[in-house]
Amino acid sequence: MTVLTKTESLDKVLAEMNMRSKKKRARKKFIKQAMQQLATENQTVAADTPAETKAAYAYDKLPVGFMIKTGKQHFPEEAVFRFYYNQNHPQEYKNKELLTERFQTLVEAATGPTKTSLTEAINQQTSK
């Protein structure tokens, strides 16, 4: 695929439109239409290229209760989920940053049926 300059692509679009009028007003109208067509073509090309993948979910937006509940179901040995509301464990006690960080790493590291059930639960929660 060759990269065309703006004037070359504008000339190409104008040739496709088959402009025959020599009046200044008509030429301006055709040029405006051609510029709009080029802009939409550029937007569709930009939309077709895959964007850099980022986190699929906003884990910090998930409710704490949901993360604790699903964390206890799928990862019962993790201290973050067990001791979130326990004052005797000050490192985990109401530490939302630690909870979301650990939940995200565990979800991304999960494999097989655990991963599918977690993604279904997160999708269901985010769709609410």
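Collect the residues in region 108-118 that are touching a residue at least 12 places away in the same chain (Cβ under 8 Å) and in a helix (DSSP H, G or I), keeping them in residue-number order. If the condition is that a residue be touching a residue at least 12 places away in the same chain (Cβ under 8 Å) and in a helix (DSSP H, G or I), then Thr114, Ser117, Leu118 are the ones that fit.
Number of residues in region 98-115 that are at pLDDT 90 or above and hydroxyl-bearing (Ser, Thr, Tyr): the value is 2.
Conditions (1) modelled with pLDDT of 80 or more; (2) at negative phi; (3) loosely packed, with under 13 Cβ neighbours inside 10 Å, marked per residue:
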residue	(1), (2), (3)
Glu52	no, yes, yes
Lys61	yes, yes, yes
Gly65	yes, yes, yes
Glu78	yes, yes, no
Lys96	yes, yes, yes
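The values are calculated or read from the model by the stated rules, or taken from the named source; none is laboratory data. Fair warning: this is a prediction, and the values are worked out from it, not measured in the lab. FYI the Cβ positions are ideal-geometry reconstructions off the backbone, even for glycines, and counts take in every protein chain you see.
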